[in-house]
Amino acid sequence: MKVAVLRFQGDVYEHLKYFAAAGAETFSVKNARELENADALVLPGGESTTISKFLFEEGFDEAIKKMIEEGKGIFATCAGLILLANEVFGNQVKSLSLLNISVLRNAYGRQKDSFEAGISLKFDSEREFTGVFIRAPKITRVGHEVEVLGELDNEPVLVRQGKILAATFHPELTEDLRIAKYFLSEVCGG
Ligand code: GLN
């Protein structure tokens, strides 16, 4: 499985490492044409306003839609999730509207800008996943076609819609490969 990581801004290296550790062949892309060789794409965390401009200027919006039509997987972390959402509150961001959720940016307040918390995963409830939240958004609405796969305090933090898997937290900053493995085998392979 060849997994491309969008290389513009944000924690690119950590995603390359995370998916490689889970068994994928990983490479970074800065050009939409380079996606032709990819089976999946990762939109990393970072600053969604900055990444948004780049996405649209470089034609990644069309390339990502094409990938989904072709049945390829998209994994998104934090800012990446904001960029896929149908509706964004807080500071407005131009998003791709491919994931039927509403999000509120920087929703956890200043004192809790960054924190770690145990997440219950629907596909492996035996052990919690340590969620690293960094100026994270909150998912405030989930469309009926969206499946909630991870929750924090009964609120959705990991969601799936078809070939898209998106987290408000940063799995790539842990050594727990369960989310990468789920993405590779169930979302991309399934
Ligand atoms: N706060 C950032 C935003 O709204 C997201 C932060 C992150 O990706 N860790 O774009």
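The values are calculated or read from the model by the stated rules, or taken from the named source; none is laboratory data. Just so you know, these numbers come straight off a predicted model, no measurement behind them. A quick note on method: Cβ atoms are made from the backbone with ideal geometry, for glycine too, and the neighbour counts reach across all protein chains shown.
Below, the figures for the structure above:
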| item | result |
| --- | --- |
| Residue list for segment 44-79, filter: of a type in the set (S, T, N, Q) and surrounded by fewer than 19 Cβ atoms within 10 Å (Cβ to Cβ) | THR49, THR50 |
| Tally of residues being of a type in the set (D, E, K, R), within 21 Å of ILE64 (Cβ to Cβ) and out of contact with any Gly (no Cβ under 7 Å at 6 or more places or on another chain) across segment 139-184 | 4 |
| Within segment 143-190, strands (runs of 3 or more DSSP E) holding 3 or more residues that are crowded, with 24+ Cβ neighbours inside 10 Å | 155-161, 164-167 |
| Complete set of residues in segment 29-43 that are within 15 Å of the ligand (Cβ to nearest atom) and surrounded by fewer than 13 Cβ atoms within 10 Å (Cβ to Cβ) | none |
| Positions within segment 78-100 being polar (S, T, N, Q) and at pLDDT below 95, in sequence order | ASN91, GLN92 |
| Residue among LYS122, LYS66, LYS112 that alone is in contact with a strand residue (DSSP E or B) (Cβ under 9 Å, 6 or more places away or on another chain), more than 16 Å from the ligand (Cβ to nearest atom) and free of Cβ contacts under 8 Å to residues at least 40 places away in the same chain | LYS122 |
| Every residue from segment 87-109 that is free of Cβ contacts under 8 Å to residues at least 60 places away in the same chain, part of a loop (DSSP other than H, G, I, E, B) and among the hydrophobic types (A, V, I, L, M, F, W, C) | VAL93, LEU96, ALA107 |
